[in-house]
Amino acid sequence: MKLKLDLHIHSERSPDGRVTLSEIVERAKAAGLDGVAVCDHDAVLENPPEFPDFLLIPGVEVSTEQGHLLGLFVREPIGTKDFAAAAEAIHAQGGLAVLAHPFEHSRDAQRLLPLLPLLDGVEVWNSRADRKIRDANARAAAFAEAHGLRPFAGSDAHVPREIGHGVTAVEAAERT
């Protein structure tokens, strides 16, 4: 089955988020999504509630010295701001470490090269990234392709109307 997922959404648990988990699910279903990843700023969704016929992926957006790092499928706090240590903590939980909006503030790809061995993928579409640097998403996509990293997409929604503005489609045997 094909699943459509928004893999970067903030809830009211983020300082700048304005959406409850129930509102996220309602809005995502209305947008035709099968699931979302809730990635609040430095706060893990430790005990995600279950919603019928909907996949709620627990995650986090870790603020590190190298920029933001998404941790998908994590349920325990990431107790560090060090990029390498955060990626290691994400992997220790069986999660995926995804570089979030890498060119939103800088066009310098060289700064990212030491991070490559730590990553499972790159957010190549973030609905907010091009607001600051016009070609941020295109740069992220080219970077991911050049380095053989999996592409991820998310809206980076902070308010309801942004949910579903970035979608990753995956093939899966079931919605888990």
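The values are calculated or read from the model by the stated rules, or taken from the named source; none is laboratory data. Being a predicted model, the structure only gives us computed values, none of them experimental. So basically every Cβ, Gly included, is an ideal-geometry build from the backbone, and we count neighbours across all protein chains shown. Areas reflect the complete protein model, heavy atoms only, side chains present, ligands, DNA and RNA absent. Shrake-Rupley method; radii C 1.70, N 1.55, O 1.52, S 1.80 Å.
Listed values, structure above:
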read-out: Positions within segment 97-119 being of a type in the set (D, E, K, R) and open to solvent by less than 30 Å² (accessible area, probe 1.4 Å), in sequence order; value: Glu104
read-out: Those residues of segment 147-173 which are among the β-branched types (Val, Ile, Thr), buried (at least 16 other Cβ atoms within 10 Å of the Cβ) and over 15 Å from Glu23 (Cα atoms), in sequence order; value: Val167, Thr168
read-out: Residues being assigned to a helix (DSSP H, G or I), touching a Lys or Arg at 6+ places or on another chain (Cβ under 9 Å) and open to solvent by 40 Å² or more (accessible area, probe 1.4 Å) - total across segment 135-146; value: 1
read-out: Candidates Ala37, Ala31 - the one that is touching a residue at least 40 places away in the same chain (Cβ under 8 Å) and surrounded by fewer than 23 Cβ atoms within 10 Å (Cβ to Cβ); value: Ala31
read-out: Failed item in (1) in contact (Cβ under 8 Å) with a residue 24 or more places away in the chain; (2) of a type outside the set (Asp, Glu); (3) open to solvent by 30 Å² or more (accessible area, probe 1.4 Å); (4) touching a strand residue (DSSP E or B) at 6+ places or on another chain (Cβ under 8 Å), with Lys132 passing the rest; value: (4)
read-out: Cross-chain or 6+ apart pairs with Cβ under 9 Å, segment 149-175 first and without any contact (Cβ under 8 Å) to a residue 60 or more places away in the chain, then exposed (fewer than 13 other Cβ atoms within 10 Å of the Cβ) and charged (D, E, K, R); value: Pro151/Glu145
read-out: Filter pass, Ser155 being within 24 Å of Ser11 (Cβ to Cβ) and hydroxyl-bearing (Ser, Thr, Tyr); value: yes
